[in-house]
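Below: one structure, written as structure tokens.
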Amino acid sequence: MRAAIIHVMADAAVSILVIVGLVLARTLGWLWMDPLAGILGALVIASWSYGLIKDTGAVLLDMSSDREVEQGIRRAVEAEGDKLNDLHVWRLGPGHLGAIVSVITSQSRDSKFYHERLVRFRSLSHVTVEIRQVA
């Protein structure tokens, strides 16, 4: 949806630039305005495209989208002496994150214990917990 909105906005901005360039070239004889409008339009589209590629690339590569949530999960899991062995957080959709949490513990705890510790993170819509108990 965001890509479609950016595309329409870029088209509109470039169209306005081209019209202004053509009008100035015709009325004032500034023939250089038409190529300048084209170059400015290309820069506008390139700038918006770069931002879109950067954002969508992070989603497509499952990069962590929220470092604060990651650190909060780490603190919540390790609060009572357990060790977070592995954590993977990714974006599922707008406002929704998924997480795989791997915990090493010496306590007899099940996944429900950790799910209850993570319930305060409202953006976590799907959490998988793996527990490895050590003596």
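The values are calculated or read from the model by the stated rules, or taken from the named source; none is laboratory data. These numbers come from a predicted model, not from an experiment. Cβ coordinates were reconstructed from backbone atoms using ideal geometry, including for glycine residues, and neighbour counts include every protein chain displayed. In case anyone asks, the SASA skips ligands and DNA or RNA and just uses the protein heavy atoms, side chains included. Shrake-Rupley method; radii C 1.70, N 1.55, O 1.52, S 1.80 Å.
Summary table
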| read-out | value |
| --- | --- |
| Any hit, region 66-76, residues being among the hydrophobic types (A, V, I, L, M, F, W, C) and either without any contact (Cβ under 8 Å) to a residue 40 or more places away in the chain or open to solvent by 70 Å² or more (accessible area, probe 1.4 Å) (or both) | no |
| Enumeration of residues in region 79-105 that are at pLDDT below 90 and within 24 Å of Ala135 (Cβ to Cβ) | Ala79, Glu80, Gly81, Asp82 |
| Condition check for Ala4: part of a helix (DSSP H, G or I), more than 30 Å from Arg120 (Cβ to Cβ) and open to solvent by less than 100 Å² (accessible area, probe 1.4 Å) | yes |
| Hits in region 104-134 (condition: assigned to a loop (DSSP other than H, G, I, E, B), open to solvent by 50 Å² or more (accessible area, probe 1.4 Å) and free of Cβ contacts under 8 Å to residues at least 40 places away in the same chain) | Ser106, Gln107, Ser108, Asp110, Val119, Arg122, Val134 |
| Flag if Arg26 is modelled with pLDDT of 85 or more, within 22 Å of Ala13 (Cα to Cα) and among the charged types (D, E, K, R) | yes |
| Number of positions in region 10-51 that are of a type in the set (Gly, Ala, Ser) and surrounded by 15 or more Cβ atoms within 10 Å (Cβ to Cβ) | 6 |
